[in-house]
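Have a look at the structure below, then the notes.
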Amino acid sequence: MNSKVEELEIELICIITNFGLGSKLLRTAKHHGVSGGTITLGRGTVNNKILDFLGLSDVRKEIVFMLAGKETAYHVLEELNKEFEFNKPNHGIAYTTSICGALGAKRMICGNIKNERGVDNIMYHSITVIVDKGKAEDVIDAAVKAGSKGGTIINGRGSGIHETSKLFSMDIEPEKEMVMILSESSSTEGIAASIRENLKMDEPGNGILYIQNVNRTYGIYK
């Protein structure tokens, strides 16, 4: 087990793009320093104003998620914008959010992440885990053992340095599952540790886990 932890500011890059462009975006991002990412599929509802704002209103979209250090993330987004021209209509939307922890083959922890009011009193965290298809239930089981009330599973596909195999000399991107868990901040460390241990996430290719601060919540009842 690798106990060495790298401390740095971590950013989650999220890009919403037209169907079929996700893999091309990832290849370009990896060329500029990102090790890999996960692609999920989305389809919008025409009359939903929120989805329309996110660019999901008319046709199928691909949503690309990538983790990187802050400087790398900003550099990658600048380079992607040059090639894919997000500033033009219907060319996609890209943004980043701060991450307060990540577990995988390489562990990253960033310090002193505060909520939007600058106060260190975060009540909830969002834990996101990306694993091979068929392992999402194992993630949920590990989280529940540590006190979680459950989570949400989203299907996706991955493109990373350890995740590509070949069939008839062609690269294959295996299907992925994304698990999203909302956790009380006091329980986050235990839940993350349980998932890490049960899914052996310190081994390359076994998945990645990242944690985000939740500044506001609606619909949560104890």
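When you scan region 48-66, do you find a residue that is part of a loop (DSSP other than H, G, I, E, B), aromatic (Phe, Trp, Tyr) and modelled with pLDDT of 55 or more, even just one?
Quick first cut of region 48-66, residues part of a loop (DSSP other than H, G, I, E, B) only: 48, 54-59.
Checking the rest, the ones that are also aromatic (Phe, Trp, Tyr) come to none.
The answer is no; no qualifying residue exists.
For region 108-203, the strands (runs of 3 or more DSSP E) that sit wholly inside it and include 1 or more residues that are within 26 Å of Val34 (Cβ to Cβ), modelled with pLDDT of 55 or more and of a type outside the set (Val, Ile, Thr) are 124-132, 152-160, 175-184. Restricting attention to region 27-47, the residues being at pLDDT below 55 and basic (Lys, Arg) number 1. Considering region 69-97, the residues that are closer than 11 Å to Cys14 by Cα and under 14 Å from the mean Cα position of the chain (by Cα) include one that is modelled with the highest pLDDT, namely Ala73. When region 1-26 is limited to residues that are of a type in the set (Ser, Thr, Tyr) and modelled with pLDDT of 80 or more, the one that is surrounded by the fewest Cβ atoms within 10 Å (Cβ to Cβ) turns out to be Ser23.
The values are calculated or read from the model by the stated rules, or taken from the named source; none is laboratory data. Because the structure is a prediction, the values reported are computed rather than measured. Positions of Cβ are generated from backbone atoms using ideal geometry, with glycine treated the same way; all protein chains shown enter the neighbour counts.
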